[in-house]
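Below: the structure, in C-alpha cells.
The values are calculated or read from the model by the stated rules, or taken from the named source; none is laboratory data. None of the values given here were measured: they were computed from a predicted structure. Please note: Cβ atoms are built from the backbone with ideal geometry, for glycine as well, and neighbour counts cover all protein chains shown. For accessibility, only protein heavy atoms count, side chains too; no ligands or nucleic acids. Shrake-Rupley method; radii C 1.70, N 1.55, O 1.52, S 1.80 Å.
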Amino acid sequence: MNMKKKSINYLVEAGLIAAIYAAATYAAAAMGLAYSGVQFRISEALTVLAAFTPAAIPGLTIGCFLGNLTSPYGMIDVICGTAATLVAACFSRMLRKITIKGIPVLAAIPPIIANAIIVGLEVAWFLPEGFSWMGFGASALSVGLGEAAVCLILGIPLMAVLKKPSVEKVLFKNYNT
C-alpha cells in the first residue's frame with residue numbers, strides 16, 4: 001500500500017473514532033452519566049482501540065476534546081479530560097503486546113488510572129467545600145470505579161471481538177499491531 005493511501009486511511013480511522021467517541025459521550029451526557037463525580041461514559045470503552053491501531057490515539061483525544069466541549073466544568077474539563085485520554089491512549093498503545101489468550105487486556109488499565117487521577121483531581125477541585133485530599137480520594141475512587149466498569153465490562157469484550165482474525169483483518173489491515 002502506498003504511503004498516501006496509508007495516510008488517508010489513518011486520518012479516516014482517527015476521524016471515525018473521534019466521531020463515535022464524541023457521539024457516545026453526548027449520549028451518556030443526555031442520560032446524566034458523562035460529567036460528574038460518578039461517570040459511566042460508554043465512549044470510554046473505545047479507549048481499548050489504542051491497542052489495535054495508532055490512529056486511535058489522535059481519534060480518542062479529539063473525540064474526548066469534542067465530547068467535553070459541553071461539560072459543565074468548562075474549559076478545565078476540556079483540557080484535563082483530554083489530557084487524561086491522551087495519556088491513557090499512549091500507555092494503552094504501549095501495552096498492546098502484553099496479552100492473555102491473545103487479547104491485550106492490560107490496555108484497559110491506563111484509562112482507569114489516568115482518569116481516576118486527572119479527572120479525580122479536577123472533580124475534587126470543584127467540590128462545594130473546596131479541594132481536600134479526602135475529597136480527591138473520594139472523587140478518584142468514584143471516577144475510577146466508573147471507568148473500570150466501562151473499560152473492563154465493555155472494553156475487554158470489545159477487544160475480544162476485535163481480536164478475531166476476520167474482524168481484525170478487515171478493520172486494522174493497514175497497521176502492524
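If you check Ala55 against the conditions, is it open to solvent by 30 Å² or more (accessible area, probe 1.4 Å) and within 24 Å of Val161 (Cβ to Cβ)? Judged against the criteria, Ala55 is not a match.
Among the candidates Ile113, Ile98, the residue that is of a type in the set (Val, Ile, Thr), open to solvent by 50 Å² or more (accessible area, probe 1.4 Å) and assigned to a helix (DSSP H, G or I) is uniquely Ile113.
Could you please let me know if Val150 is within 17 Å of Thr25 (Cα to Cα), assigned to a helix (DSSP H, G or I), in contact with a Lys or Arg (Cβ under 7 Å, 6 or more places away or on another chain) and in contact (Cβ under 8 Å) with a residue 24 or more places away in the chain? Yes; evaluated as a whole, the condition is true for this residue. Val119 fulfils the conditions (1) open to solvent by 50 Å² or more (accessible area, probe 1.4 Å); (2) in a helix (DSSP H, G or I) except for a single criterion, (1). Of all residue pairs spaced 6 or more apart or on separate chains, those with beta-carbon atoms under 7 Å, a first member in region 51-74 that is more than 21 Å from Tyr10 (Cα to Cα) and part of a helix (DSSP H, G or I) and a second member that is open to solvent by 10 Å² or more (accessible area, probe 1.4 Å) and modelled with pLDDT under 95 are Thr70/Ala29.
Would you check if there is a residue in region 69-79 being within 13 Å of the chain's Cα centre (by Cα) and open to solvent by 30 Å² or more (accessible area, probe 1.4 Å)? Scanning region 69-79, I find no residue that is within 13 Å of the chain's Cα centre (by Cα) and open to solvent by 30 Å² or more (accessible area, probe 1.4 Å), so the answer is no. For region 123-137, the candidate set comprises residues that are of a type in the set (A, V, I, L, M) and surrounded by 12 or more Cβ atoms within 10 Å (Cβ to Cβ); within that set, the residue that is farthest from Ala84 (Cα to Cα) is Leu127. Scanning region 6-42 for residues that are among the small types (Gly, Ala, Ser) and either touching a residue at least 60 places away in the same chain (Cβ under 8 Å) or on the phi > 0 side of the Ramachandran plot (or both) yields Gly32, Ser36, Gly37. Among the residues of region 13-41, those that are among the β-branched types (Val, Ile, Thr) and either open to solvent by 80 Å² or more (accessible area, probe 1.4 Å) or not in a helix (DSSP H, G or I) (or both) comprise Ile20, Val38.
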